[in-house]
Each structure stands twice: as C-alpha cells, then as structure tokens.
1. When only the heavy atoms of the protein chains count and the probe is 1.4 Å, how do His73, His116, His39 rank by accessible area, highest first?
2. As an exercise, find the ratio Rg/Rh for segment 17-64 from alpha-carbon atoms, using the Kirkwood inverse-distance average for Rh.
3. Given a 1.4 angstrom probe, I'd like the percentage of the accessible area of segment 38-127 that is carbon and sulfur, rounded to a whole number.
4. Please give the peptides 41-52, 78-89 ranked by average Cβ packing (other Cβ atoms within 10 Å per residue), highest first, as a rough proxy for protection.
5. Given a 1.4 angstrom probe, what's the average accessible area per residue across segment 70-120, in square angstrom?
Amino acid sequence: MSAPARAAREEPQAPALVISDSSETDPIGLHTCSVPRLHLPSPLFRPEEYLRAPLVLLDDRAYLGFTLRHVPHRPGLIVMLADPDDASVYPRAAAIGADAVIRAGENLAWLHLRLHDATDCRYVDWQELLAGGGAEPPPAAS
C-alpha cells in the first residue's frame, strides 16, 4: 500500500455534526445511537467541522443561526424537525440543499443506519437496529 493511501486510512473519521441551539441534551433523539458525533450550537461550529463531517444533522430550531453563517451547500445535510405540524420546513430545507427532512422521533432506524454508514462505525447491533422496522428513507427535502 502506498504511503498516501496508508495515511488516508490512518486518519481518524470525523464525527457526525449535530447543529442545535436547543438546551436539551438530546434535541433530536440520538441518545441511543453509538455513532461518534459532535453537538454544537449554530454560532460555534467551524466551517472546517461542517465540511469535514460525513453527515450533518441540523435541528430546525437552529435554522436561522445556520443560514446566517452562509455555509456552502453540501451533500449529507439532514434537517431534523421538532414541530411535527410545521410544513414550512420543506422549502427551507430545499433552500439550504438538505438531502432529507426527518421529524424528531420518526425514521430513527433509517437515521441510525445513515449515521453508521457515513461514519464507518462498526460497533452496532444490527439486529436491534433493524428489529423495530422503520428503516425506510424519509421523503426528500425538495
């Protein structure tokens, strides 16, 4: 194996980035997920963290602070919706280039699979994760 390829493999995988301005310790329901993640409020994440993260989860309540940062569109951005009756989230999610919108507490099996895939996390109990069903993808943001 070449030195650059070996160096790329040895570089640690960046954690998934959760952007939330909520004071809750688990604003989008990920406490049971073993994937490494970095939880930061919208004013504090660095552009490098945003671009390097394999997946970014944006709490919809942090949308305004997020948009004020003028970050570029990127694949792997998922908007988490806390208010299930807020239909205005879909055009806002499309405006920032989000891949999907997920209502808090719904599609968690799909989200956990997506997080594990994005971070190459190998420590997962697949039987437990898939037993509850709900691994279908949510509707697209656009």
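The values are calculated or read from the model by the stated rules, or taken from the named source; none is laboratory data. Here the structure is a predicted model, which means the values were calculated and not measured. Note that each Cβ is placed from the backbone with ideal geometry, even for glycine, and that neighbours are counted across all protein chains shown. For the accessible areas, the whole protein counts, side chains as well, though only heavy atoms, and no ligand, DNA or RNA atoms are used. Shrake-Rupley method; radii C 1.70, N 1.55, O 1.52, S 1.80 Å.
1. Largest accessible area first, the residues go His73, His39, His116.
2. When Rh is taken as the Kirkwood radius, the ratio is 0.93.
3. Carbon plus sulfur share of accessible area: 57 percent.
4. Highest to lowest by the protection proxy: 78-89, 41-52.
5. Using a 1.4 Å probe on heavy atoms only, each residue of segment 70-120 averages 44 Å².
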